[in-house]
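Novice: Structure incoming, see below.
The values are calculated or read from the model by the stated rules, or taken from the named source; none is laboratory data. This structure is a prediction, so every number in the text was calculated from the model and none was measured. Neighbour counts are summed over all protein chains in view; Cβ atoms, including those assigned to glycine, are modelled from backbone coordinates with ideal geometry. Keep in mind that these areas ignore ligands, DNA and RNA; they rest on the heavy atoms of the full protein, side chains included. Shrake-Rupley method; radii C 1.70, N 1.55, O 1.52, S 1.80 Å.
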Amino acid sequence: MTEPGTIDKTAIRDAAAVIVLRDRNHEPSVLMGQRGANAAFMPNKFVFPGGAVDPEDAHVPFADPLSPLCESRLTDGVAKDRALALAGAAIRELWEETGQILGRPGTWDAPPHNWQDFAARGHLPSAAPLQFVFRAITPPGRPRRFDARFFLLDADDLASDPDDFSAASDELAHLQWIALDKVRGFDLPFITEVVLAEVAARATDPHPPASVPFFRNDDEESLFLRLYGRPMPD
């Protein structure tokens, strides 16, 4: 039984991950880093920046909101503030793990504790460039389970130098831009390979996908769906 005030690490938590694409019309590459050997979730794997939603993420001021299409897809069957929290988590985790800023110049009245470093850079988060492109739930039996939403972002929309990782935390090592045609030579989680295949297939297309793949894992079965709930075509 979980003690009051603690996080049940076996419960499914909302999470966000960010796929940043660079030079997508010529030699597309993606920003990734390696998780530590002692990490409880996906140790040693190369992953996109991302992590669990914090409660404060739903209440940050956005310089630019999510696009109506992105917001409607994120809130299918859930509360509207869930979309805001996921977008906030994506931008915050991108900043924390890579030092990259998705935002526009602006000032905060009173930033939450976990946003103070971002706010100190003189930017407000901007959610408009984010495209919701994939959703996956961690299979049962893992030490951590997440309901992860993956957002695609063009590196040209960053407010920071895409080669400057000096402000990154130490959560991801070996931060680097990896060419899409070489990324499968790295140690990747299965779901990351699936997401990358989707991204590679439409790397040069700036428009949101016609539908969002959903890899759903629950205690009964694993299903690969297209939101909203339609099975994948054969």
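Novice: Kindly indicate whether any position in the stretch 169-178 is open to solvent by less than 30 Å² (accessible area, probe 1.4 Å) and modelled with pLDDT of 95 or more.
Specialist: Checking the stretch 169-178: at least one residue is open to solvent by less than 30 Å² (accessible area, probe 1.4 Å) and modelled with pLDDT of 95 or more.
Novice: Further, regarding this structure: Could you check, for the stretch 211-234, whether at least one of its residues is open to solvent by 70 Å² or more (accessible area, probe 1.4 Å) and modelled with pLDDT of 95 or more?
Specialist: No, the stretch 211-234 has no match at all.
Novice: For the stretch 173-204, which positions are assigned to a helix (DSSP H, G or I) and charged (D, E, K, R)?
Specialist: ARG184, GLU193, GLU198
Novice: Say we look at the stretch 80-136 and pick out the residues that are over 24 Å from LEU175 (Cα atoms) and of a type in the set (Asp, Glu); which of these is nearest to the chain's Cα centre (by Cα)?
Specialist: Once the filter is applied, the top-ranked residue is ASP81.
Novice: OK, next. Taking the stretch 107-166, which residues are in contact with a strand residue (DSSP E or B) (Cβ under 8 Å, 6 or more places away or on another chain), of a type in the set (Gly, Ala, Ser) and under 21 Å from GLY33 (Cα atoms)?
Specialist: ALA136, ALA148, ALA155, ALA159
Novice: For the stretch 28-59, what are the residues that are touching a strand residue (DSSP E or B) at 6+ places or on another chain (Cβ under 9 Å), modelled with pLDDT under 95 and either acidic (Asp, Glu) or assigned to a loop (DSSP other than H, G, I, E, B) (or both)?
Specialist: GLY36, PHE41, MET42, PRO43, ASN44, LYS45
This table checks each residue for (1) of a type in the set (Asp, Glu); (2) open to solvent by less than 70 Å² (accessible area, probe 1.4 Å); (3) closer than 15 Å to PHE150 by Cα.
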{"position": "PRO43", "(1), (2), (3)": "no, yes, no"}
{"position": "VAL60", "(1), (2), (3)": "no, yes, no"}
{"position": "CYS70", "(1), (2), (3)": "no, yes, yes"}
{"position": "ALA83", "(1), (2), (3)": "no, yes, yes"}
{"position": "ALA90", "(1), (2), (3)": "no, yes, yes"}
{"position": "GLU93", "(1), (2), (3)": "yes, yes, yes"}
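Novice: With the checklist (1) in contact with a helix residue (DSSP H, G or I) (Cβ under 7 Å, 6 or more places away or on another chain); (2) within 30 Å of PRO68 (Cβ to Cβ) in hand, flag the one item ALA168 doesn't pass.
Specialist: Of (1) in contact with a helix residue (DSSP H, G or I) (Cβ under 7 Å, 6 or more places away or on another chain); (2) within 30 Å of PRO68 (Cβ to Cβ), only one is false for ALA168: (2).
Novice: Count, please, the residues in the stretch 111-158 that happen to be among the polar types (S, T, N, Q), closer than 16 Å to ASP205 by Cβ and part of a loop (DSSP other than H, G, I, E, B).
Specialist: Looking only at that region, the number is 0.
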